[in-house]
Amino acid sequence: GDGWKHSTVEISIPTGEKDPSGNGHSFTVHGLHHRPLLGVMKAAVADASSRWFHYFPFRRFWDSPSGERVRVYDEAYTSDVWLKAHDDLQKQPNEPGCKLEKVILGLMFWSDSTHLTSFGSAKIWPVYMYFGNLSKYTRSKPSCGAAHHVAYIPPLPDHIGDEIPAGSNKSTILTHCRRSLFQAVWGELLDPEFVHCYEHGFTGMCSDGIVRRFYPRIFSYSADYPEKILIAGIRHMGKHPCPRCFVKRSDCDKIGLAADTAQRQQHPRLYTPWLQKCLVAARELMYKCGRSISSVYVQAKLAGGNGAGHGSWHPVLNIFAERLGHLGLNPYSMLVVDLLHEFELGVWKYVFVHLIRLLGAACGAAARKQQGEGPLPPGSLVDELDKRYRLVPSFGRSTIRAFATNASAMKKLAARDFEDLLQCAIPVFEGLLPGRHNDIVLTLIFRLAEWHALAKLRMATETTRAHIGKTTVQVGKELRRFRDDTCAAFTTVALPKEEAAHSRQKARSVAKKAAASHGVADGEPESPSPTPDQTGAPVKSRRSKKPGKAFDLQNSKTHNLPDYAHHIRDFGTTDSFSSQVGELEHRRSKGFFPRTSKKNYHLQMTKLERRATRLMRTNRTFDATQPDRHPHHPPFSENDRTPTAPDGERYHMVDCSKHYQDLFSFDRGGDPASKNHILGRRIGSTYDGDEQVFTSEDHNSIIVVGNRVYSGRTLKVNYTTYDVRRGQDIINPRNNCDVMVASPETSADAHRFWYARVLGIFYVYICDNSQDSNNRARQRYDFLWVRWFGMVEGHRHGLRVARLPKVGFIKEGDATPEVEEQQRRRHERTSSRTTFRFTGCGTGWSAYLYSASRLDIGSDLLQVLRPNIDPAHVQVYLSVG
């Protein structure tokens, strides 16, 4: 079955004593809860959710406007690794007497330790298993129940310290025990039954009634860096920190260079027989001869594991390679990149933190030089940064949240918060640093945002993969330029938050050393030294100096940036295997904890997980008997706060017959703009800004019923997302009021879009009173009252110059997904209210805005600056009539 088992794990502690048997001191770790992988796979195949499984991989192509057929990457079962595994399986001889069709069952693992409470020490270390045969859009939603909890890894008990001899190597031995525990737990999961079915497969009847032979294949393992080194068996931030190749730590900053690309291709990590032999020899020195882990003898044996030199190996055998290596599994290539931890909480966070350090060290005089104001006092540049972030409005339903707290404090920020900081950073940081440093910072932020948007695309093509490679070269160049030029020009120190953490760490280190030296050999405690107050000596006031902080690029997270283009080709787009999927499943695990008694909660959580899974399977079985529905069509409920518009409609506006205004309240001295707009729509002309001229006779043929203009609160716009899925955006004049439309201009220097701010959403009932009219019944016309923005003349923008477009307000006068107009905050405000602001909204901006258009992760920015790179955006521009 697929129920939970409760086991113990045996590990060996290297005590430093000679042991002829080579086993070391055996230690038992209790509390391992796990499920047999074979039982989980059989239950999943028989479950009703298997009707959505993709058993045969395929390649997806897009016929571009140029006539070229372009490869498209999105799901795991369209990736090269899956296709190769399927081809190899079909070439493999059938099992004796078996003529069933052979299919791949793709296994994708996630694991990460997480705290269960905000206060206290309760935590859990779950291992999740997903099936890549399911669509990533299903796997990414915890409510779909696609995650299978297969193990809860127990921590090392506190009393293990009693089994380890005291000394300087105690912390090293504890680290070794944690690594051994992790490998031992996976030894329980990769049991002989799983290894057998990995080679010979297993049969199962699917929900469609067909019996197939399934061959499980481990495709990816998503984890943060500390856990990846546990799997790879290497030292944390050693001389060779990458778990996939043998790059030196001193060369991690050379991303984008030809030498770095060659190194990745020529020196990948492989679990060879020679490496296994070196690891076994090092372990024999530890357990048989009593050598310490950090001794030169053990390290010399480990250094032989790589023909090119030391590989930062740790003396632990890799259980994945030991059990499945002979079947073709490379335990290092399955460690996929992780956008959440490596970029959003990695590279970008490093840059953002150091930018705050630079603002604290920079002179504030240049920040307001162009405005004729006096210099800023020291430290107020950071305050100005916080002020600008707080002024950034929210955008979309959940794309950009308002920055309610100081951004520089970074209090309890998640990865999505750092993503928001990046997407809004260009107008916020502009002008804070003087001269060329301002240009360097803005270019760096632009390249980072461009790379992030490309790497996070939910549907990629060969074109976008090539763009990622080019952008990675530019990111590496700008990071090194930022480090060598801007960072070298300022002396930066630790932030108050970092200084406090450093002080706490130093205090813990001093306390630990004092505890180790306290208590002399005769058993009597040493007398405490008298303080200056007790001796009467004068107390010297010594001011502690803040530790300096330099910008460091020599880390594994920076080194991993060039791997994203290859992993998209090999495993699919990054959202398919990002650790964000596992982080979302943590919500379900944490939901079990409050329902336990808080004692032996791991065991109680396994029972709650089984109960929840049985209920979910029952619901899926019931749904399978109901009339089928296309998976892209979500169920509609009358209780939905924002129901989708009916199929076939481009937009949906709620009928608000109770809220209307008199038509003459919109009159501006005989301005026929509204009637020109309606006349143009009646004859079916393409919208060009209502510049078409109509006569007075044409105007008199339009009668507004009751002279009433009805106003709506919101407008829901249906559109096709760039990954060819249905999406809906909401336009609200109170907050989400900035839109963009496809420009009808065809000149060479014309911008591809027009930008506007929606002032109101209205509709009227019109009667056609013209002589040639065949239908005099009233007809409804919906329209938006907008104020147009114009492109700022003389401003260069685009990918080549690494600048966003700027638009300004023009004289007043088809909506696609919204475009956020980020205000360039350093320009002056107007003293009076402007016409595009409603009463109570305060003063406006007399300068211009930044256009930073995007679809929740920045991909719309690519559509504005780099057109025709995604299938859904070639000629799809929705408009609100």
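The numbers here are math on the coordinates, done by the rules we state, and not lab data. Computed from a prediction, not measured in an experiment: that's the story for all the values here. Because the Cβ atoms are built from the backbone with ideal geometry, glycine has one as well, and the counts that use them run over all protein chains shown.
Points worth noting:
- Efficiency of FRET between residue 597 and residue 28 - r from beta-carbon atoms, R0 30 angstrom, step 0.05: 0.75
- Sorting the segments 746-754, 195-203 by their residues' average number of neighbouring beta-carbon atoms within 10 angstrom, most packed first, yields 195-203, 746-754.
- The stretch between residue 566 and residue 91 holds 168.4 nm of extra length on full extension. This uses 0.36 nm per residue minus the Cα-Cα distance.
- Cα centroid of the stretch 750-797 to Cα centroid of the stretch 94-125, whole Å: 53 Å
- Surrounding net charge for residue 324, when Lys and Arg each add one and Asp and Glu each subtract one, Cβ distance under 15 Å: -4
- Alpha carbon centroid spacing (whole Å) that separates the stretch 389-434 from the stretch 242-315: 41 Å
- Simple point charges give the picture: +1 on the Cβ of Lys and Arg, -1 on the Cβ of Asp and Glu, and for the stretch 155-208 a dipole about the Cα centre of about 380 debye.
- In terms of packing, defined here as the mean over residues of other Cβ atoms within 10 angstrom, the peptides 494-503, 476-485 line up highest first as 476-485, 494-503.
- Spin-label model, residue 500/residue 470: points 7 Å from Cα along the beta carbon direction are separated by 4.6 nm.
- The alpha-carbon atoms of the stretch 378-498 define a convex hull whose volume equals 126 cubic angstrom per residue.
- The loop-placed chymotrypsin sites (Phe, Trp or Tyr not before Pro) in the stretch 259-365, going by DSSP, include none that has at most 13 neighbouring Cβ atoms within 10 Å of its Cβ.
- Spin-label pair residue 10/residue 743, simplified geometry with 7 Å Cα→Cβ offset, distance in nm: 7.4 nm
- Positive-end residue, the stretch 95-216 charge dipole about Cα centroid, Cβ charges, pick of 120, 132, 157: 132
- Residue ranges 441-454, 386-399, 770-783 sort as 441-454, 386-399, 770-783 when ordered by packing (mean number of other C-beta atoms within 10 Å per residue, highest first).
- Once the Cβ-Cβ distance of residue 156 and residue 436 is raised to the sixth power relative to R0 = 45 Å, the FRET efficiency obtained is 0.30.
- A Cβ-based charge dipole, computed about the Cα centre of the stretch 117-186 with Lys and Arg at +1 and Asp and Glu at -1, lands at about 440 debye.
- Label-point separation, residue 280 to residue 714 (7 Å along Cα→Cβ), nm: 6.6 nm
- When the stretch 234-317 is described by a simple charge dipole with +1 on each Lys and Arg Cβ and -1 on each Asp and Glu Cβ, the residue from 300, 259, 246 located farthest towards its positive end is 300.
- Estimated FRET transfer efficiency (residue 270, residue 700; beta-carbon r; R0 60 Å; 0.05): 0.15
- Charge dipole magnitude, Cβ of K and R +1, D and E -1 - the stretch 386-476, Cα centre, debye nearest 20: 260 debye
- Length gained when the stretch residue 60-residue 114 is fully extended (0.36 nm per residue, less Cα-Cα span): 15.7 nm
- Near residue 760, the amide H atoms lying under 5 Å from its own belong to 785; only residues 5 or more places off or on other chains count, and H is placed 1.01 Å from N.
- Residues whose amide H comes within less than 5 Å of that of residue 222, counting only those at least five positions distant or on another chain, are 109, 110, 111 (H built at 1.01 Å from N in the peptide plane).
- Positive dipole terminus of the stretch 1-67, leading residue within 45, 66, 26 (C-beta point charges): 66
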